[in-house]
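Colleague: Would you mind keeping the following structure in view while I ask a few things?
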Amino acid sequence: MRTPESELDSLEQSNQLRKLSHNESAAGATIVLEGKEYLNFSSNDYLGLAQHPKLIDAAIRSTQQWGTGTGSSRLVFGSQTPSKALEQWIANAKGTEAALVFANGYTTSVGTLSALVGKGDTIILDKLSHASLIDGARLSGATIRVFPHNNLEKLEKILQSVRAKSEPEQRCIIVTEGVFSMDGDTAPLREMINLKNRYGAWLLVDEAHALGIYGEHGMGLASQLACSDEIELQMGTLGKAAGSAGGYLAASHNIIQLLVNKARSFIYSTAAPPAQYAAGLAALKLIHSDEGSKLRAKLWNNLNLFAELTNTPVPESSIIAWQVGDTNKALSLMQTLREDYQLICPAIRYPTVPRNTARLRITITASHSEEHIHKLATALLELSEAN
């Protein structure tokens with residue numbers, strides 16, 4: 001029998017060993033790790049809301065009224081007012097009949113896909129879909145097909161093949177992200193909608209990294225493209241730009257009822273603390289407001305400044321994939337930025353991304369100042385010239 005030590009040694013030899021560091025600070029543009037302060041370019045708190053007074057106040061007031069925990073699952077204990085209010089707001093904002101909130105984004109992905117499809121059905125995944133979506137597809141027992149990233153021609157060929165072999169009652173779900181978590185690019189949603197309509201499929205769009213960033217009121221890429229009402233399954237998280245925690249699925253009333261009855265990650269999980277729901281609702285209202293619009297403008301100004309300083313294309317989102325390729329080089333670059341420039345820019349390597357595509361995953365937020373962006377750009381350019 002192999003030992004844990006042997007597995008850890010193997011991971012270390014292949015540069016896949018990961019370790020937790022001690023973070024002594026709250027989320028923000030700066031971070032204190034192991035007693036030292038750094039500029040933080042690793043956070044998904046894109047609008048800087050995790051420390052916003054309105055979210056903190058909402059969480060405190062909710063805790064004072066509802067306590068720190070729920071004590072049971074919602075099917076056993078019932079749905080308290082904070083969770084119902086959040087779900088109603090999401091449904092209204094997304095233009096759907098209903099919504100369901102999960103404890104986090106991972107349980108949303110796993111619960112939704114494993115509940116809605118099974119043996120005989122098909123899930124068609126973009127190759128760069130998030131691990132949680134892949135895990136949900138595997139747990140479902142459905143047939144899994146994968147198409148190259150954003151390759152509509154290949155997607156259509158798979159749809160043709162699936163529909164030629166499937167029975168009318170069998171479900172087919174296309175799965176994609178609005179903004180892809182490791183590359184920061186966007187999905188061609190309108191073209192995908194045309195395809196799923198043509199071949200009688202459903203479309204699931206995970207807006208985890210698009211919520212707060214896109215749309216007139218920050219409701220995501222589908223909102224910006226005015227196609228939300230043509231997407232059957234609108235998924236997202238409140239743990240990134242919304243500065244709180246939790247995942248959601250917005251859909252028809254009947255789909256949500258299926259999840260309540262079949263999504264194991266919902267049924268068998270204790271409901272999240274009421275404060276989490278309250279903070280999430282406060283965040284969404286803020287994102288939807290004039291203040292949210294100003295924060296988005298600040299974020300995009302920062303992204304444009306980074307592109308200008310580095311002479312690179314303007315990023316499609318807050319996520320910048322600074323390509324390196326070799327795992328060792330990516331890890332070395334991350335370490336140099338940390339030790340010599342006091343910058344936290346995490347290296348992402350296999351198995352999170354394909355082999356030989358290691359990169360720095362840099363996230364720029366509305367919390368960063370122009371001075372912060374200048375320091376980041378200068379460091380990257382100096383190290384690029386040195387190599």
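Colleague: If G325 satisfies every condition in (1) over 28 Å from E207 (Cβ atoms); (2) surrounded by 16 or more Cβ atoms within 10 Å (Cβ to Cβ) but one, which is the exception?
Modeller: For G325, the failing item is (2).
Colleague: Sticking with this one: Need at least 2 residues that are more than 30 Å from G243 (Cα to Cα) per element, so show me which helices (runs of 4 or more DSSP H) inside the range 105-215 make the cut, counting only ones lying wholly within it.
Modeller: Fully inside the range 105-215 and qualifying: 152-165, 189-198.
Colleague: What pairs come up if the first residue lies in the range 154-170 and is in the same structural domain as L195 (by TED's automatic domain parsing) and aliphatic (A, V, I, L, M), the second is modelled with pLDDT of 90 or more and assigned to a helix (DSSP H, G or I), and their beta carbons are under 7 Å apart, counting only those six or more places apart or on different chains?
Modeller: Pairs that qualify, where the first residue is in the same structural domain as L195 (by TED's automatic domain parsing) and aliphatic (A, V, I, L, M) and the partner is modelled with pLDDT of 90 or more and assigned to a helix (DSSP H, G or I), are L155/L195; L159/L195.
Colleague: Something else about it: Within the range 99-109, is even one residue at pLDDT below 95, touching a Ser or Thr at 6+ places or on another chain (Cβ under 8 Å) and hydrophobic (A, V, I, L, M, F, W, C)?
Modeller: The answer is yes; a qualifying residue exists.
Colleague: For residues in the range 145-155 being out of contact with any Lys or Arg (no Cβ under 7 Å at 6 or more places or on another chain) and under 25 Å from E167 (Cα atoms), which is surrounded by the most Cβ atoms within 10 Å (Cβ to Cβ)?
Modeller: Checked the range 145-155; the qualifying residue surrounded by the most Cβ atoms within 10 Å (Cβ to Cβ) is L155.
Colleague: Can you find even one residue in the range 81-94 that is part of a loop (DSSP other than H, G, I, E, B) and not hydroxyl-bearing (S, T, Y)?
Modeller: no
Colleague: Here's another thing I want to ask about it. Is one or more of the residues making up the range 220-234 part of a helix (DSSP H, G or I), at pLDDT 95 or above, under 20 Å from K84 (Cβ atoms) and of a type outside the set (F, W, Y)?
Modeller: Among the residues of the range 220-234, not one is part of a helix (DSSP H, G or I), at pLDDT 95 or above, under 20 Å from K84 (Cβ atoms) and of a type outside the set (F, W, Y), which makes the answer no.
Colleague: Can you work out which of the residues in the range 76-122 that are acidic (D, E) and more than 21 Å from the chain's Cα centre (by Cα) is surrounded by the fewest Cβ atoms within 10 Å (Cβ to Cβ)?
Modeller: Per the criteria, the residue is E97.
Colleague: Taking the residues in the range 274-331 that are assigned to a strand (DSSP E or B) and either aliphatic (A, V, I, L, M) or under 22 Å from the mean Cα position of the chain (by Cα) (or both) as candidates, determine which candidate is farthest from G218 (Cα to Cα).
Modeller: Selected residue: V324.
For every residue, the table says whether it meets (1) surrounded by fewer than 15 Cβ atoms within 10 Å (Cβ to Cβ); (2) touching a strand residue (DSSP E or B) at 6+ places or on another chain (Cβ under 8 Å); (3) free of Cβ contacts under 8 Å to residues at least 24 places away in the same chain.
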{"residue": "G243", "(1), (2), (3)": "no, no, no"}
{"residue": "R264", "(1), (2), (3)": "yes, no, no"}
{"residue": "L309", "(1), (2), (3)": "no, no, no"}
{"residue": "T312", "(1), (2), (3)": "yes, no, yes"}
{"residue": "S317", "(1), (2), (3)": "no, yes, no"}
{"residue": "L337", "(1), (2), (3)": "no, yes, no"}
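Colleague: So which residues in the range 15-55 are surrounded by fewer than 12 Cβ atoms within 10 Å (Cβ to Cβ) and closer than 25 Å to A358 by Cα?
Modeller: Correct list: R18, K19, L20, S21, H22.
Colleague: Kindly provide the set of residues from the range 266-288 that are surrounded by 24 or more Cβ atoms within 10 Å (Cβ to Cβ) and within 22 Å of A137 (Cα to Cα), ordered by number.
Modeller: Within the range 266-288, just F266 meets the criteria.
Colleague: Is it the case that the range 250-257 has a residue that's under 18 Å from A115 (Cα atoms) and in a strand (DSSP E or B)?
Modeller: yes
Colleague: Same structure again: Do we find that R349 is touching a residue at least 60 places away in the same chain (Cβ under 8 Å), touching a helix residue (DSSP H, G or I) at 6+ places or on another chain (Cβ under 6 Å), crowded, with 21+ Cβ neighbours inside 10 Å and charged (D, E, K, R) in this structure?
Modeller: Spelling it out, R349 is indeed touching a residue at least 60 places away in the same chain (Cβ under 8 Å), touching a helix residue (DSSP H, G or I) at 6+ places or on another chain (Cβ under 6 Å), crowded, with 21+ Cβ neighbours inside 10 Å and charged (D, E, K, R).
Colleague: Does E7 qualify as being surrounded by fewer than 13 Cβ atoms within 10 Å (Cβ to Cβ) and either under 30 Å from K375 (Cα atoms) or not hydrophobic (A, V, I, L, M, F, W, C) (or both)?
Modeller: yes
The values are calculated or read from the model by the stated rules, or taken from the named source; none is laboratory data. Here the structure is a predicted model, which means the values were calculated and not measured. Every residue, glycine among them, receives a Cβ derived from its backbone with ideal geometry; neighbour counts consider all protein chains shown.
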